[in-house]
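To start, the structure under review is shown below, and the notes come after it.
The values are calculated or read from the model by the stated rules, or taken from the named source; none is laboratory data. Since the model is a prediction, treat every value here as computed from it, not as a measurement. Quick reminder, even Gly has a Cβ in these numbers, built from the backbone with ideal geometry, and neighbours come from all protein chains shown.
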């Protein structure tokens with residue numbers, strides 16, 4: 001059977017979504033538009049019938065991974081021969097996509113195991129009860145929880161934009177009221193942080209707009225949307241700043257904070273040949289799925305880098321030292337997931353420095369002019 005011809009219509013514009021729209025956004029937009037433009041609602045004239053037909057064609061192509069990959073490749077001018085069949089389905093244990101000649105930006109993440117919201121208090125009870133619990137918990141957020149929210153991966157902007165676009169007036173008013181309530185409860189400087197604001201608004205969308213989402217999305221789309229909207233909240237609350245390896249990270253922070261420039265010079269010498277921009281990730285975890293440890297590692301990387309005493313050190317050396325410190329902190333927060341040999345190799349340079357007595361200033365680290 002010959003493959004269907006690629007439509008000339010702009011399928012994304014037809015569904016009022018962007019090319020990066022998630023499958024959940026495509027599904028929601030299709031259902032919402034059909035409710036507006038179905039002939040049973042808009043009348044059975046030729047224009048209404050044609051519009052409904054085009055909406056359905058757009059959904060047929062964009063909801064099927066193979067057809068969407070083909071359509072996107074056609075739009076991008078990619079030869080058909082290099083388009084993988086559908087979205088890449090094979091991921092290594094580290095989350096890296098393998099054997100995918102061309103990967104569309106929207107392609108969904110394939111998870112190794114099913115996930116769901118960890119905090120069931122936000123998905124049980126009446127909407128009023130869920131909202132009250134949510135706002136009360138926001139008022140008790142700690143500095144570490146704010147930092148974790150700021151470091152969390154934000155929910156897909158395209159999905160939230162699609163949800164907002166198709167809300168009923170009542171749902172839009174309820175969400176706007178919740179957004180105002182959040183702005184009044186969160187310190188201004190924290191609300192200004194993109195990660196904090198988007199993480200809280202995504203959670204608010206699940207709490208306040210659950211009836212709308214339940215109506216618009218069937219499973220498995222609804223479950224995936226719920227998990228993604230609550231992901232930052234789940235990974236940020238009631239978690240130690242550095243995860244299960246907090247004591248180890250705090251020891252590293254304390255040690256490097258006590259360094260003198262000679263220690264920084266020794267660290268740079270011992271790290272010769274190391275890619276300072278690398279963020280070591282253990283095969284036992286998945287970058288896409290294991291959000292809580294990823295956040296812990298990001299915060300550890302930031303804090304170790306900030307603790308390095310590089311005042312007066314030549315700019316290039318200071319930059320590399322901070323990057324190496326971030327790499328060290330990142331790996332330390334994940335040390336429980338590395339094999340002993342792998343972790344030892346990652347922190348070998350730091351171990352060599354800490355095993356030495358504090359040296360005097362060395363010539364390897366040039367000082368910037370006063």
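Points to keep in mind about this one:
- The range 180-197 - residue that is in a helix (DSSP H, G or I) and over 21 Å from the mean Cα position of the chain (by Cα) and, of those, surrounded by the fewest Cβ atoms within 10 Å (Cβ to Cβ): 188
- Where a residue in the range 179-208 is in contact (Cβ under 8 Å) with a residue 24 or more places away in the chain and in the same structural domain as residue 135 (by TED's automatic domain parsing) and its partner, wherever it lies, is assigned to a helix (DSSP H, G or I) and surrounded by fewer than 15 Cβ atoms within 10 Å (Cβ to Cβ), with Cβ under 7 Å and at least six apart: 208/127
- Taken over the range 251-286, the criterion of being within 29 Å of the chain's Cα centre (by Cα) and over 19 Å from residue 323 (Cβ atoms) is satisfied by 251, 282, 283, 284, 285, 286.
- Flag if residue 304 is buried (at least 18 other Cβ atoms within 10 Å of the Cβ), in contact with a helix residue (DSSP H, G or I) (Cβ under 8 Å, 6 or more places away or on another chain), outside the structural domain of residue 224 (by TED's automatic domain parsing) and not in a helix (DSSP H, G or I): no
- Those helices (runs of 4 or more DSSP H) of the range 307-358 in which at least 2 residues are more than 29 Å from the chain's Cα centre (by Cα) and buried (at least 22 other Cβ atoms within 10 Å of the Cβ), considering only elements entirely within it, cover 348-354.
Yes or no, residue by residue, for (1) modelled with pLDDT under 95; (2) in a helix (DSSP H, G or I):
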position	(1), (2)
148	no, yes
155	yes, no
159	yes, yes
163	yes, yes
200	no, yes
211	yes, yes
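- Some residue of the range 147-154 being surrounded by 14 or more Cβ atoms within 10 Å (Cβ to Cβ) and within 24 Å of residue 16 (Cα to Cα): yes
- Taking each residue of the range 241-266 that is more than 24 Å from residue 313 (Cβ to Cβ) and looking for partners that are not in a helix (DSSP H, G or I) with beta-carbon atoms closer than 6 Å, six or more apart or interchain, yields 246/240.
- Residues satisfying the stated conditions in the range 216-230, i.e. surrounded by 16 or more Cβ atoms within 10 Å (Cβ to Cβ) and over 17 Å from residue 152 (Cα atoms): 216, 217, 221, 222, 223, 224
- Failed condition for residue 322, given (1) touching a residue at least 40 places away in the same chain (Cβ under 8 Å); (2) more than 30 Å from residue 230 (Cα to Cα): (1)
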